[in-house]
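K.L.:
There's a structure below that I have some questions on.
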Amino acid sequence: RVAPRTSPTNIGLYLLSALCAYDFKIIGKNELLQRLDKTVGAVENLKKYEGNLYNWYDTETLCCLDGFVSFVDSGNFLCCLVALKEGIKND
């Protein structure tokens, strides 16, 4: 069963998985860029607390599921963004 929710950590790991799919030639550059653009665009529109993502979001409505901010999840997300930047820079 798939839970209809996601977290900042999950989103960051998804971004890195898209980069890995590109690196392994499973998807092309255009698809990678589309996936990254769509995901980052969605993240930009998510409700935040003082710039920090909340811990859980509904994957269908993108609504925040609780008022909890996890700084661990925020840190994981940031680390994924740094890794993604470095991975794209090397292309």
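Throughout, read-outs are computed from the coordinates displayed, never taken from laboratory work. This structure is a prediction, so every number in the text was calculated from the model and none was measured. We place every Cβ from the backbone using ideal geometry, glycine too, and count neighbours over all the protein chains shown.
K.L.:
Within region 30-45, can you find the residues that are of a type outside the set (S, T, N, Q) and more than 12 Å from the chain's Cα centre (by Cα)?
P.N.:
Within region 30-45, Glu31, Leu32, Leu33 qualify.
K.L.:
So which residues in region 1-53 are in contact (Cβ under 8 Å) with a residue 24 or more places away in the chain and of a type in the set (Gly, Ala, Ser)?
P.N.:
Answer for region 1-53, where residues must be in contact (Cβ under 8 Å) with a residue 24 or more places away in the chain and of a type in the set (Gly, Ala, Ser): Ser7, Gly12.
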